[in-house]
Structures are given as C-alpha cells and as structure tokens.
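The values are calculated or read from the model by the stated rules, or taken from the named source; none is laboratory data. Quick caveat, the model's predicted, so the values are computed rather than measured. Methodologically, a virtual Cβ is constructed for each residue, glycine included, from the backbone with ideal geometry; neighbour enumeration extends over all protein chains shown. Note: accessible area is taken over every heavy atom of the protein model, side chains too, but ligands, DNA and RNA are not part of it. Shrake-Rupley method; radii C 1.70, N 1.55, O 1.52, S 1.80 Å.
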Amino acid sequence: MSPCWNHLKGLADIKFLHGPIDTASDDDISGTEFLMAIRERTALTEQVFARLPKLKLVLQTGGHAYHIDYPAAQKRGIVVALGRRIKAPLISVPELTIAMMLSAVHLLPQAQQAMRTGEWPLLTGRTLSGRRLGILGMGRHGSNVARIAKTAFNMEVVAWARPGGVTKSDDIQRLPLDELLQTSDIVSIHLRLSPESTGLLDAERLQTMKTDSVLINTSRGAIVNETALLNALTHGPLAAAGLDVFTHEPLPPDSPLRSLNNVVLTPHIGWTVEEVFEEFAEIACTQLQQYLQGNLPTSELLA
C-alpha cells in the first residue's frame, strides 16, 4: 500500500476493492463518497453511479475519461478530477514501444512459439540500427521514443507533419503521412484519440505501407482499422505488429489477432508498472486533500 494513504487518516475511511466495481456488493460501495478509479479499466456508467448515491468525487487516474458517463456524473453533481500531472508513463510507454519493436524484428513471438513446441528453428531477424522509424504523434511519448531510437539504436527517425500542427524545434524530419507510411521500416503510433485520428490507418493507408514493415500501437486501438490490419498482417504488406491497445478492450477471446504468430499482443500494459501506480496514489491523495480543503484546482477537473 502506498505510504500516501497514511496522510488521509482522520480525513476518510479507506476501502480497497480487489475486483471490478460492478461485481462489488452494495454493502461494500453504497456509502462511498470518494472513488479512485483505475483508468479505463473502471467503466463509470449511469448504472454504477446509481449504486453510489453518496458519491461526490471521482479521482480518475490518468488524463483521459472516455469510459466515464460524464453527463450522468454532472446530473448527480459528481466532480471528476483527472491525473494529468502524472509523469511515470513518459518512461513506461516508450520502454514498451521499444520492446515491441525489438520483439517484432527479432521474431521473438515465432521463436517462443517454436521453442514451446520442442522445435529449434533457424530464424532470420533484423536489427533496428540504420532503419527508418516513422512516428505518428511527437508529443510526450512520441518524442521520448524518437530520442531512444536515435541515441540507443542508431535509427533514422521521421515524424508525421500533421496539417495545422506545431513543428517543434528538433532535428526530426517531418513528412506527409503517405510518404511516412511508404518509406518507414517501422511505424509507431503516439496520437490521442480524436475525430481526426479515429480510423486514421484504414485499409487504403495500411496497404501503402512499406513491404515487410512493422506497425506498433501503444496509443489507442481505434486509430487503426483492426479488420484491415488483420488483412495486412496475413497477406501483406506488414511483416509484423506490436499491439498494446485495441478497439474493444478486453480483446475478445476469439479475436483473429490472437492466432497470428507475427503479432506481439499485450493487454494494455504500457502504463501498468509499479512506478505509475505509486504516482497514481500520490496524485489521488493530494487531490482528495485539496478537495476537502476547498482548493482543488479547476485545471485538474474534467470539463
């Protein structure tokens, strides 16, 4: 348990749920006034709010709230605080991104599967060094991935010149999206989910990608058309993919993606590291104290 919870002694009684909130009994949650939710893994719907008649404040870890029925929260006068100030994912997400790149080009999924079935195959992988990495989204995660790729792996890094976007003063060449897709050996997605980015990589764009290229997505699943992605992985041009996010989460057990041996699949774990959970707890404790004192910054509230 994080030491920060000790600071709340005398201010609130703390109860930890060890399963999804929709499986908790009414006795366990009906008296809840403040709720710390674990990102999109805790769906807060009208039905959930109806079981929390005393709820005043949601301490939403992370900076997104796609999974919260905000009109329902507003109707009940529930305040939603976001954990936008968190910094630890700026390390953990780029690390997973690089790990997926290495796994894909060194054929680790194929090697592991073969070894588990008693085989000793001769597999020919590739190195990252000297290859072109195309980054979609040069924000906090994308810029860190670019830095690691260049300095640690000697990669040539280019980024999408987004229409209307602000170009940072760095040494990364900006390219139109089509050119980036056609010339990059690896494409890594680091975009927010928005009307512009939803379905950005559709069937047409995926088919323009470089032959034997690799697609990495540790951002949001809905940015890529999964049906088209499945086709590109099965019939080309993609050699492999690394996916930590999916259009529907959890990924259905019968998803065809689970049966491909050229895909690295992880259950949205880019942020699930000890350091992130510790920071989540510290931010939530601070925000609850500020709320009780009447000075929770409005800049940290969902609007």
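Annotations for the structure displayed:
- Judged by the gyration tensor of its Cα atoms, with axes a ≥ b ≥ c, region 1-91 is oblate; a/c meets the 1.5 cut and b/c is at least as large as a/b.
- Region 1-144, dipole about Cα centre (Lys/Arg Cβ +1, Asp/Glu Cβ -1), debye to the nearest 20: 660
- Between residue 248 and residue 269, the contour length at 0.36 nm per residue exceeds the Cα-Cα span by 6.1 nm.
- Using the Cβ-Cβ distance between residue 277 and residue 11 with R0 = 25 Å, the FRET efficiency computed as 1/(1 + (r/R0)^6) comes to roughly 0.75.
- Point-charge dipole on Cβ atoms (K/R +1, D/E -1) for region 233-299, about Cα centre, debye to 20: 300
- Axis angle, to the nearest 10 degrees, between helix 140-153 and the longest C-alpha principal axis of the chain: 40 degrees.
- Residue-normalised accessible area of the chain, expressed per residue, 1.4 Å probe, Å²: 51
- Solvent-accessible surface (1.4 Å probe) assigned to residue 28 amounts to roughly 70 Å².
- Residue separation of residue 227 and residue 18 scaled by 0.36 nm, minus their Cα-Cα distance, works out to 71.8 nm of gained length.
- Residue list for region 222-237, given a label point 7 angstrom along the Cα-to-Cβ vector of residue 207 and an amide N cut-off under 18 Å: 224-237
- Once the chain from residue 161 to residue 25 is taken as fully extended at 0.36 nm per residue, the excess over their C-alpha distance is 43.9 nm.
- Counting only residues at least eight positions apart within a chain, or on another chain, the lysines with an alpha carbon under 18 Å from that of residue 56 are 15, 75.
- The chain - mean residue ellipticity at 222 nm from DSSP helices (-39,500 (n - 2.57) per run, n ≥ 4, rounded to 500): -9500 deg cm²/dmol
- Cα shape, the chain, gyration tensor, a/c 1.5 rule: prolate
- For residue 225, neighbours were defined as the other residues whose beta-carbon sits under 14 Å from its Cβ, and their charges (Lys and Arg +1, Asp and Glu -1) total -1.
- Heavy atoms of residue 76: accessible area, 1.4 Å probe, square angstrom to 10: 100
- Dipole of region 1-116, positive direction: furthest Cα of 48, 68, 114, with charges on the beta-carbon: 68
- Accessible surface of region 1-122 [probe 1.4 Å, protein heavy atoms]: carbon and sulfur percent: 55
- Rolling a 1.4 Å probe over the protein heavy atoms leaves residue 246 with an accessible area of roughly 20 Å².
- The base-10 log of I(q)/I(0) for region 183-303, evaluated at q = 0.13, 0.16 Å⁻¹, reads -0.62, -0.81 [Debye formula, identical scatterers on Cα atoms, solvent excluded].
- Listed by chain and number, the lysines whose C-alpha is less than 24 Å from the C-alpha of residue 210, apart from same-chain residues fewer than 8 away, are 150.
- The alpha carbon gyration tensor of region 58-185 gives principal lengths a ≥ b ≥ c with a/c of 1.5 or higher and a/b no greater than b/c, which makes the shape oblate.
- Look at where the Cα atoms of region 152-205 and of region 267-298 average out, and the two centres are 31 Å apart.
- Test item: Cα-centred dipole of the chain, Lys/Arg +1 and Asp/Glu -1 on Cβ, debye: 540
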